[in-house]
Amino acid sequence: MTTLTRDQFFGVRVAARQIGGFALSLTRYGDRPAIPWHAHDEAYLTFVVSGSYRERLAGGARDCVPRALVLHPAGERHADEFASRSAVCLNLHFDSSWLRSLATRGDSFERSAILFTPATSSIGARLGREFRRNDALSPIAVEGLLLELFAEASRAGAEGRVPAWLRKARAIVGQRFAGPLALGELAREVGIHPVHLARAFRRHYGCTVGDLQRELRVELARERIRAGAALADVASEAGFADQSHLTRTFRIITGMTPAEYRRSFGLRRQSRCS
């Protein structure tokens, strides 16, 4: 079995930063359908920016979906299977001295977990913003976010509190959000009454199935806009009825139109013929 050292990951590295004592890298996966069994010699954190994959562990498997945070202790043995669309992940290796100081305060990083709550998803997104910003205040900002994450992880109590059928429902939404998705159909697939599914989904994830589907569509739209795609193509790929539908939903969630978002990155519109 392969054991990877700090900053080593399967996949294609898009960018890397050293922020204080924390090593962060943005990595794109999906050029191969599966990654073989391996481990990392240091503890690390993964924030799933886009796409999804299934991670196999010695004791089972977990679905790693967009905006989920995955905690990997040092030496954890795992293998990954990717969906058809590529996945993009922000990986963060912890500073070993920081982890030791965390342990002296009664916290630890010895247990594997996957976290998906509104609070932890927000922390992951904010880590991504600090990765892009990378200024003089980023080290203290990243450390503060990680401390906040450990507090949220303690409150959440780990993945086991979320029923397996609900995790499956969340994974289905993460895989099929760009297409039509009915609550009744989703409930039938996981063997639960639609009313029970709707209530449990909101209680555990802090939003409705429809809310999450819209957020994931907008997240994909952001990714495609940053890549320079034409807005009409973005609307089609992300599952919107047309460009106007994309614009309305994008503005509600982000506070700006897709065109304004494109300009904020200094991007030029890509011709469909280019």
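The values are calculated or read from the model by the stated rules, or taken from the named source; none is laboratory data. All figures in this text were calculated on a predicted structure; none of them were measured in a lab. Here the Cβ positions follow ideal geometry from the backbone for every residue, glycine too, while neighbour counts run over all protein chains shown. Protein only, heavy atoms only, side chains kept; ligands, DNA and RNA dropped before computing areas. Shrake-Rupley method; radii C 1.70, N 1.55, O 1.52, S 1.80 Å.
So for the chain, averaging the separation of alpha carbon pairs under 8 Å that are six or more residues apart and normalising by length, what relative contact order in percent results?
Computed over the chain, the figure is 14 percent.
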*Give, rounded to the nearest 20 debye, the magnitude of the charge dipole that the chain has about its Cα centre when Lys and Arg contribute +1 at Cβ and Asp and Glu contribute -1 at Cβ.*
740
*Could I have the simple spin-label model distance between T2 and L147, label points 7 Å from Cα toward Cβ, reported in nm to one decimal?*
3.7
_Heavy-atom accessible surface of the chain: percent carbon and sulfur, 1.4 Å_ = 50
*Please identify the chymotrypsin sites (Phe, Trp or Tyr not before Pro) of the range 1-83 that satisfy two criteria: DSSP loop assignment and at most 15 other Cβ atoms within 10 Å. Which are they?*
F10
*Looking at C89, S50, A232, which one has the Cα that reaches farthest to the positive end of the dipole of the chain (charges on Cβ: Lys, Arg +1; Asp, Glu -1)?*
A232
*Distance between modelled label sites at Q243 and D211, nm, 7 Å Cα→Cβ extension*: 3.1
*Could you calculate the FRET efficiency of F10 with S101 from 1/(1 + (r/R0)^6), where r is the beta carbon distance between them and R0 is 41 Å, rounded to 0.05?*
0.85
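So, by mean Cβ neighbours within 10 angstrom, what's the order for 204-210, 251-257 with the highest one leading?
204-210, 251-257
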*Could you work out how far apart the two model spin labels at A227 and S264 are, taking each label as a point 7 Å from the Cα in the direction of the beta carbon, and quote it in nm?*
2.0
*Residues of the chain: accessible area per residue at 1.4 Å, in Å²?*
48
_Full-extension gain in nm, A74 to R129, via 0.36 nm per residue minus C-alpha separation_ = 17.2 nm
